[in-house]
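Participant: Sharing a structure here in structure tokens format.
The values are calculated or read from the model by the stated rules, or taken from the named source; none is laboratory data. Since this is a predicted model, take the numbers as computed values, not measurements. When we count neighbours, we look across all protein chains shown, and the Cβ atoms used for this are built from the backbone with ideal geometry, even at glycine. We work out accessible area using only protein heavy atoms, side chains counted, and drop any ligands, DNA or RNA first. Shrake-Rupley method; radii C 1.70, N 1.55, O 1.52, S 1.80 Å.
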Amino acid sequence: MPKRSSDKVVQEEKSPLEVDENLFYFDKNHQDSKEDEDSSDSEESEFSGLESEPETSEDDELDEQESDKEEESGSESPGESGEEGGDQNEETGEDNKEKNNNQGEKFAKKSAMNLEEDHTSDEEDARNTIGNIPVEWYNEYPHIGYDLDGKRILKPATADELDEFLSKMDDPNYWRTVRDKATMKEVVLSNEELDIINRLQSSQFPNAGYDPYEPYVDFFTGEKMLHPLSDAPEPKSRHIPSKWEHKRVMKIVRAIRNGWIKPKKDDKADKPRYYLIWDKEDDQTKPRHNMHIPAPKMKLPGHEESYNPPPEYLPTEEEIAAWEAMDPDDRPQNFLPKKYSSLRLVPAYNKFIQERFERCLDLYLCPRQRKMRVQVNPEDLLPKLPRPKDLQPFPSTESIVYKGHTDVVRCVVVDPSGQWIASGGDDKLVKFWEVCTGRCLKTLQCDGAVLSMAWNPNPSLTLLAVVVEQRAVIVNHFLGDKLLCASTDELIESYASQGEAGSKESGVEWSVASEEKYTNGYRLVIKHNKASILRVISQITWHGKGDYFASVTPEGGNKSVFIHQMTKRRSQCPFKKAKGLIQRVLFHPTRPFLFVATQRFIRVYNLTKQELTKKLVSNVKWISSMAVHPKGDNLIVGSYDRRLCWFDMDLSTKPYKTLRSHKKALRQVTFHRHYPLFASASDDGTVIVCHGRIFNDLMQNPLIVPVKVLKGHKVQGELGVLDCQFHPTQPWIFTAGADHLIRLYT
């Protein structure tokens, strides 16, 4: 028995080609099983292909047995195989060595074939080497392709329809059996392969365990990690400059110094810089913008520049005098038209070289800019404001003219009841007028020019504060109810009976008027101790309750503002240090605030807390007047540089709106107590009435609309309208001008 087995082994070894082919077939089947294992996910997929293998023929079983025997012979030790071979053929050691070498070659070839099969694609069969040629081309031939040795691979025998029907009825795996086109063999699909097909048909991933939404793991993260990826210490070469790089760099430097390496020449520099002006290539792309902007042309000469102009172009003596009196920059033209009888008599133009030189300077120094025209409707640029007719009532027509003053009327005030007005001016007179009739009821003679007046807002007191240059006088006008006038005198005399004199420490001296002036209505006189010709009182204003009033002396330094109390005849200076030249002061209508206007700023002080609450920036050069809205949240300021600024104190410390409607300086601004109106008086002889409505909604800005320009006053000595005041109840306005008149507009 042992000898027969050895003979079989020797007999098989005589045909190495057949052994190699059998090994090849065996390895291919083994490779197919490996592919089945790879396609499955479970651990049992390794044996699933064996359970579902189709029935094989006897030839296939013989081939498998032969391949198994070859494997057993290959697994035996080389010594045993060598001894058996020696018993059969030769007994020399050289034959044994040759046998061992043959066995090694077989195993090497087998392992190489296995490696090749591992790297083959799934679409191609290693046994059939036809490549990507369609299998249908072999339908007319008995073979289906060629193996690795170039031999034909015959087609297997196919069963007829009866056998196919019997196998369909008897074989339970018929429904999962498919035919491989490359080998023409039937392959039974495993459960894992069926599962893959079902997943692909339902548009799912082939692998059931694949998660497409698994979190992405960034291996090289941008965050600074606590520990490095590698704990290996850095080599020393990273901290030492490379010797070889140094040699390489020195070699390049030496070559540059010796001229062996030359810089690359610029081809553009060698090109000629000359070109043809008339040679225009159409292929060149035109620039997007033409940067050349031609110089503006001068105005062509007209009839006035002719040596024999028409008579209407020749100026008169008055026009020549006016032209010579004008500033050279303001003249419409640099010459006067003259008439000559002939061209030979025309002299040379004496400003020709100067004008040519200025023209050259304009072309050289003045930059030119291309402005793109925009098609804009001028009406769209104007704000959409309501019509003035929809904002009535407001004063529009002149109704009454009050005549009686002989000089400039500086101020005009209205009685709280609206029945009388008082006016004063440079003629040293204070006149009381009846509003409805225009009749002068009373006249007071003063010692100097009347600069300011203020009617007491308390209706139970018939008092008027008058500023006569350096003094402030309290006057009882004795107009209206006699009982009110008598009670007012009793209030003033009740304090005088106590025998307390005014305090001189504050810098203000209180005194009672003399008997002669007392009969005319004078009651109290307030005089500044340091008053002089320059330090005149420019303004006086009452508090809303009628007991306190304030006076302003712009040149008074730190004592420019005094607050006086009439009932106690006491005065005090609220500021220890002057912060600029104070122009105007006003009391807040409802709160304990004091507005102090300097040349450019308005400061709001809290009188109870004695601190600065807010500082408003007017953006004007010199403030001339100021008025507070009856609600107290808005303020208007007039200036000598023709501006009117509206401040919304809840919005910002800068002007909400600036109006530039007047042509000359503003002298007075005022608010109406009940109607949404405010007005401004200017030296150009006009009074502009504006509609200023304030909304309760804090998100809505005030509505400011100019509605009327009132004209009538004449300008005398660069002075126009000096004061304006609204009627307390009616939409009327009183204006006082430098033309010695007082006008009422209704």
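Participant: At 0.36 nm per residue, and after removing the present C-alpha to C-alpha distance, how many nm does the segment from Cys440 to Arg248 gain when stretched out fully?
Facilitator: Full extension of this stretch gives 57.8 nm more.
Participant: Calculate the spin-label point distance for Tyr146 paired with Val178, positioning each point 7 Å from the Cα along the beta-carbon direction, and give it in nanometres.
Facilitator: Calculated label separation equals 2.9 nm.
Participant: In Å³ and rounded to a whole number, note down the convex hull volume per residue for the Cα atoms of segment 517-570.
Facilitator: Given the Cα convex hull of segment 517-570, per-residue volume reads 109 Å³.
Participant: Moving on. Using a 1.4 angstrom probe with every protein chain in place, what is the largest-first accessible-area order of Val135, Val412?
Facilitator: Val135, Val412
Participant: Using only the Cα atoms, work out Rg/Rh for segment 123-268, with Rh taken as the Kirkwood radius, to two decimals.
Facilitator: Across segment 123-268, the Cα-based Rg/Rh ratio is 1.37.
Participant: Are any of the pairs Lys576/Lys654; Lys621/Lys708; Lys442/Lys517; Lys403/Lys517; Lys428/Lys663; Lys576/Lys615 more than 22 Å apart by Cα-Cα distance, and if so, which?
Facilitator: Result: Lys576/Lys654; Lys621/Lys708; Lys403/Lys517; Lys428/Lys663 exceed 22 Å.
Participant: Something else now. Can you sort Phe335, Phe219, Phe726, Phe478 by 1.4 Å-probe accessible area, starting with the largest?
Facilitator: My answer, sorted largest first, is Phe219, Phe478, Phe335, Phe726.
Participant: Kindly state, to the nearest 0.05, the FRET efficiency for Lys299 paired with Arg660, given R0 = 25 Å and r defined as their beta-carbon distance.
Facilitator: It comes to 0.20.
Participant: Next question. Over 10 Å intervals from 0, what percent of Cα-Cα pairs in segment 283-398 sits in each interval?
Facilitator: Binned Cα distances yield the sequence 8, 21, 20, 18, 19, 11, 2, 0.
Participant: Heavy atoms only, probe 1.4 angstrom, no DNA, RNA or ligands counted: give me Met649, Met169 ranked by accessible area, highest first.
Facilitator: Putting Met649, Met169 in descending order of accessible area: Met169, Met649.
Participant: Same structure, new question: Heavy atoms of the protein only, probe of 1.4 Å, neighbouring chains included. What is the accessible area of Lys568 in Å², nearest 10?
Facilitator: Counting only protein heavy atoms, Lys568 exposes about 100 Å² to solvent.
Participant: Give me the 1.4 Å probe accessible area per residue for segment 280-429, excluding ligands and nucleic acids, in Å².
Facilitator: 85
Participant: Ordered by residue, what ³J(HN,Hα) values in Hz, to whole numbers, does segment 474-480 give under the Karplus form 6.51 cos²θ - 1.76 cosθ + 1.60, where θ = phi - 60° and Gly and Pro are x?
Facilitator: 9, 10, 9, 7, 6, 10, x
Participant: Amide H to amide H under 5 Å from Gly145: which residues, 5+ apart in sequence or cross-chain, H placed 1.01 Å off N in plane?
Facilitator: Ile153
Participant: What length, rounded to one decimal in nm, is gained on full extension from Leu345 through to Gln333, with 0.36 nm per residue of separation minus their alpha-carbon distance?
Facilitator: 2.1 nm
Participant: Quick check: residue separation of Phe220 and Glu312 times 0.36 nm, minus the Cα distance between them. What number comes out in nm?
Facilitator: Gain on extension, Phe220 to Glu312, equals 23.8 nm.
Participant: If you don't mind, another one. Calculate the dipole size of segment 553-608 relative to its Cα centre from +1 charges on Lys and Arg beta carbons and -1 charges on Asp and Glu beta carbons; express the result in debye to the nearest 20.
Facilitator: 160
Participant: Another one. Between His239 and Lys262, take the C-beta separation as r, use R0 = 30 Å, and let me know the FRET efficiency to the nearest 0.05.
Facilitator: 0.25
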